[in-house]
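Written out below as structure tokens is the structure these notes cover.
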Amino acid sequence: MCENLWMQIRDAIPEDTAAACAVLRRSIAELCEADHRNDPYTLARWLSNKTHENFRAWVAQTDNSVLVAVEDQHILAVGSITDAGTIGLNYVSPDARFQGVSRALLRALETRAAEKGNNRCNLTSTETARRFYLSNGYVENGPPVGGFTTTSGYPMTKALPSLIGKT
């Protein structure tokens, strides 16, 4: 789907399950302290659905795309977007943070949404990712909502450019 000299972004496959779940869990545990505040209960709730069984189910869903960023067969990031344009996952390995991986994965998710006919993407951001999304053209579009975390999630949206006439 997206390639450069060092990384490829592609659709996830069932064989990615163990590595993808490890990235999801490490990203939340190690990078999202502003959200879970190292509270064991909050962290356990947030991680509770990041299981091998659930990942395989997400990959199998016909109205959902799960993408992975890969370098030398190592998964660096995991993202998902529904056919309706809602981003559900966008997590980067702590080992790949601040290397452009999250931004590349976000662009791939947005491209997938546009390919499915959406003119915008929606998501609920963590406190940790809030500045990242704002710097990538997302705007807040409602009051904060509750979630797995001790802080609120921030509903956000971004208008997508049209793919009509582009090759």
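Just report the Cα centroid separation between the range 14-34 and the range 80-96, whole Å.
A separation of 11 Å, based on Cα centres.
Under 16 Å from a point placed 7 Å out from the Cα of Glu33 along the Cα-to-Cβ direction: which residues of the range 58-100 have their backbone N that close?
94-95, 97
Return the distance in nm (one decimal) between the two label points of a simple spin-label model at Arg45 and Arg131, each offset 7 Å from Cα along Cα→Cβ.
2.6
Please pull out the direction-averaged projected area of the chain, using the convex hull of its alpha-carbon atoms, in nm² to one decimal place. Before the final figure, lay out each step's value.
Working: hull surface 38.1 nm².
Projected area, direction-averaged: 9.5 nm².
Under a no-solvent Debye model with one identical scatterer per Cα of the range 14-64, what's log10 I(q)/I(0) at q = 0.13, 0.16, 0.28, 0.30 Å⁻¹?
Listed by q, the Debye log ratios stand at -0.34, -0.49, -1.01, -1.08.
To the nearest 20 debye, what is the magnitude of the charge dipole of the chain about its Cα centre, counting +1 on the Cβ of each Lys and Arg and -1 on the Cβ of each Asp and Glu?
It works out to roughly 380 debye.
Read the figures in this text as sums done on the coordinates, not as results from a lab. These figures come from a predicted structure and were not determined experimentally. A quick note on method: Cβ atoms are made from the backbone with ideal geometry, for glycine too, and the neighbour counts reach across all protein chains shown.
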